[in-house]
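Worksheet for the structure shown next.
The values are calculated or read from the model by the stated rules, or taken from the named source; none is laboratory data. What you are looking at is a predicted structure, and each value in this text was computed from that prediction instead of being measured. Cβ placement follows ideal geometry from the backbone for every residue including glycine, while neighbour counts extend to all protein chains displayed.
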Amino acid sequence: MNENKPICLSAKGVTKIFGVGQHKMRAVDNVNMDLYVGEVVSIVGESGSGKTTLAKILLGLTKETEGEIYFLGQKRDLRGGKRKKEYWKNIQAIFQDPFSSFNTFNKIDSVLLDCIKLRGDGGLPKEKKIELMKEACGFVNLKFEELTNKYPFELSGGQQQRLMIARIFLLKPKILVADEPTSMIDACSRATILDYLMQLRNEVGMTVIFITHDIGLAYYVSDTVYIMEHGKIVESGSADRVILHPQEAYTRRLISDVPKIHEPWDLSTV
Ligand SMILES: Nc1ncnc2c1ncn2[C@@H]1O[C@H](COP(=O)(O)OP(=O)(O)OP(=O)(O)O)[C@@H](O)[C@H]1O
Ligand SMILES: [Mg+2]
């Protein structure tokens, strides 16, 4: 299915060791992956299996102990602030806890203005920037006028999640990493957020990496699934292959934890 699409991001032998001496542990252990342009990939595993650590390495927020990351065929080099900034134009994240993603002292307009600057449009006239921010808020059904003088902590959890998506709408990165983006919110907002992300993905052609415990969600949203156990990828392949025909006992156990995996999600009822 992916053969004719270019590879967007690769991990080759990526390992992360935390601690020293006796306390050494391999949070990520020799991970290899090829993510294709426009693909939706899920990384599924139990708590502590290393998903967030791997995500942070892909994002360039945590330094790998061993191995390399390739972005669009080039070995990634993040030495120096300028290179990092350039890389972060291309890869962005939505985290478990939306609150932690925002600088508490910045009002919402400056959160959005920063995105406009990061994408290189800082020099646009003020009216044009406001227009862009309004459009981004409109995309996620937030009213820019009601937000301008607020701080992110004054928003509800669901509004914060939507603000994060408004950032992504402005930045239009090539890759989006969504680490349990829907865990904090109710089923209704969850479906809405997924819907926004999938819409953005279709419009922008983003590669989306979902990180989740929820193999049912992975089946529903992704083309490719990677199963992670104790830092290792133990099984990977198309969502249908991995979830309907799992080879590994660990994968089967993750599936058996989900009661209704074979039934399609009915979003109209949530
Ligand atoms: N900064 C750190 N220093 C030391 N150990 C860490 C650090 N970050 C993560 N770990 C350890 O690495 C392992 C993997 O953690 P990680 O957060 O990647 O798991 P996860 O799969 O995201 O779990 P969850 O589903 O609960 O979010 C855990 O044992 C954790 O305690
Ligand atoms: Mg995690």
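If you take the residues in the range 4-21 that are farther than 19 Å from Ile175 by Cα and away from ligand 2 (no atom under 16 Å from the Cβ), which one is surrounded by the fewest Cβ atoms within 10 Å (Cβ to Cβ)? Even if it seems obvious, please write down each step before you answer.
Just the residues of the range 4-21 that are farther than 19 Å from Ile175 by Cα, to begin with: 13, 15-21.
Narrowing the set further to residues that are away from ligand 2 (no atom under 16 Å from the Cβ) leaves 13, 15, 17, 19-21.
Working: Gly13: 12, Thr15: 17, Ile17: 15, Gly19: 10, Val20: 7, Gly21: 5.
The selected residue is Gly21.
Conditions first: (1) closer than 16 Å to Ile165 by Cα; (2) surrounded by fewer than 16 Cβ atoms within 10 Å (Cβ to Cβ); (3) not hydrophobic (A, V, I, L, M, F, W, C). Asp114 passes all but one, so which condition is the exception?
All conditions pass for Asp114, except number (2).
Does Glu154 count as out of contact with any strand residue (DSSP E or B) (no Cβ under 6 Å at 6 or more places or on another chain), of a type in the set (D, E, K, R) and at pLDDT below 90?
Yes; evaluated as a whole, the condition is true for this residue.
Taking the range 22-61 as the search range and keeping residues that are free of Cβ contacts under 8 Å to residues at least 40 places away in the same chain and on the phi > 0 side of the Ramachandran plot, which one is nearest to ligand 2 (Cβ to nearest atom)?
Looking at residues that are free of Cβ contacts under 8 Å to residues at least 40 places away in the same chain and on the phi > 0 side of the Ramachandran plot, I get Gly48.
Which pairs have Cβ atoms under 8 Å, sit 6 or more apart or on different chains, and link a residue in the range 123-137 that is farther than 16 Å from Arg167 by Cα to one that is in a helix (DSSP H, G or I)?
Pairs found: Leu124/Ile116; Leu124/Leu132.
Tally the residues that are at negative phi, within 16 Å of ligand 1 (Cβ to nearest atom), in a loop (DSSP other than H, G, I, E, B) and touching a strand residue (DSSP E or B) at 6+ places or on another chain (Cβ under 8 Å), restricting the search to the range 157-182.
Step one: list which residues in the range 157-182 are at negative phi, which gives 157-171, 173-179, 181-182.
Narrowing the set further to residues that are within 16 Å of ligand 1 (Cβ to nearest atom) leaves 177-179, 181-182.
Applying the additional criterion that residues be in a loop (DSSP other than H, G, I, E, B) yields 181-182.
Then keep just the ones that are touching a strand residue (DSSP E or B) at 6+ places or on another chain (Cβ under 8 Å); that gives 181.
The number of residues fulfilling the criteria is 1.
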